[in-house]
Amino acid sequence: MLLLAFDTATPAITVAVHDGTSVVGQAGGEGATAHGEQLAPSIREALAQAGLVPADLTDVAVGVGPGPFTGLRVGVVTALTLGATLGLRTHGVCTLDVLAVEAAAGLGQEFVVATDARRREVYWARYAADGRRLEGPAVDLPIVVAERFAGLPVVGRGADVHAEVLGGSRGPVDPAAAVLASAVVDGVVEVLPLEPLYLRRPDAVPIAGR
């Protein structure tokens, strides 16, 4: 297996290449509105580190959110295009699950993952101590999450953005493509279709007739 993995569902743009045994290339950056500009160069950089070209790949994995429309769409459309043009096996993974896999190793108890949903809200899901998703994903106000899961540690950028309510992240802030790739290779995450988890209606909607 030669797997290309990436996630653009948060302000972080993260890319990794996995050869079936270990991660052999990584790249990325950050920019809430720069996913379209940064993803392709990051893919080229990660492939170059691994000494590979796109035609060498067998699989592609992508975080399918939840996340804001524009950034999330960049990643999913790129994965769909690569899968179709190169004949790759495709793997969609909930972005919150990627954070949970990394967080579970250090927490040792049930926890919540929360990423920034903007509009003063967070995307969230609840996880068992071993990283299995128990509830969600969903989108809510931070105070709703804080009251519903009082006493549970919260992981992710949403906990930092709303630290006054959620107390700050107790683990990784953004998903890492290296974790995504390893999780897919090891079979420890649910594989989903390459369909974005928006969890919201688009901002722009047709004007209803009177």
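The values are calculated or read from the model by the stated rules, or taken from the named source; none is laboratory data. Values in this document were obtained by computation on a predicted structure and should not be read as measured data. Glycine gets a Cβ as well: all are built from the backbone with ideal geometry, and neighbour counts include every protein chain shown. Side chains are part of the model used for accessible areas, which takes the heavy atoms of the whole protein and leaves out ligands, DNA and RNA. Shrake-Rupley method; radii C 1.70, N 1.55, O 1.52, S 1.80 Å.
Observations on the model:
- Test for residue 173: is it of a type in the set (Val, Ile, Thr), open to solvent by 20 Å² or more (accessible area, probe 1.4 Å) and part of a helix (DSSP H, G or I): no
- Any pair with Cβ under 7 angstrom, 6 or more apart, that starts in the range 140-166 at a residue that is touching a residue at least 12 places away in the same chain (Cβ under 8 Å) and ends at one that is part of a loop (DSSP other than H, G, I, E, B) and acidic (Asp, Glu): 152/110; 157/174
- Flag if residue 102 is in contact with a Cys (Cβ under 9 Å, 6 or more places away or on another chain), within 23 Å of residue 75 (Cα to Cα), touching a residue at least 60 places away in the same chain (Cβ under 8 Å) and of a type outside the set (Gly, Ala, Ser): no
- If you check 134, 152 for being loosely packed, with under 14 Cβ neighbours inside 10 Å and more than 19 Å from residue 71 (Cα to Cα), only one passes: 134.
- Residues in the range 137-147 that are touching a strand residue (DSSP E or B) at 6+ places or on another chain (Cβ under 8 Å) and open to solvent by 30 Å² or more (accessible area, probe 1.4 Å) were compared, and the one that is nearest to residue 166 (Cα to Cα) is 141.
- Residues located in the range 61-73, provided they are open to solvent by 10 Å² or more (accessible area, probe 1.4 Å) and either outside any helix (DSSP H, G or I) or at pLDDT 95 or above (or both): 68
- Among the residues of the range 103-113, none qualifies, meaning not one is open to solvent by 10 Å² or more (accessible area, probe 1.4 Å), more than 27 Å from residue 4 (Cα to Cα) and either touching a strand residue (DSSP E or B) at 6+ places or on another chain (Cβ under 6 Å) or in a strand (DSSP E or B) (or both).
- Flag if residue 37 is modelled with pLDDT of 95 or more and among the acidic types (Asp, Glu): no
- Selected residue (only one of 183, 117, 125, 178 is open to solvent by less than 30 Å² (accessible area, probe 1.4 Å), in contact with a Phe, Trp or Tyr (Cβ under 6 Å, 6 or more places away or on another chain) and closer than 24 Å to residue 13 by Cα): 117
- Of all residues assigned to the range 20-37, at least one qualifies as being hydrophobic (A, V, I, L, M, F, W, C), farther than 24 Å from residue 119 by Cα and in contact (Cβ under 8 Å) with a residue 60 or more places away in the chain.
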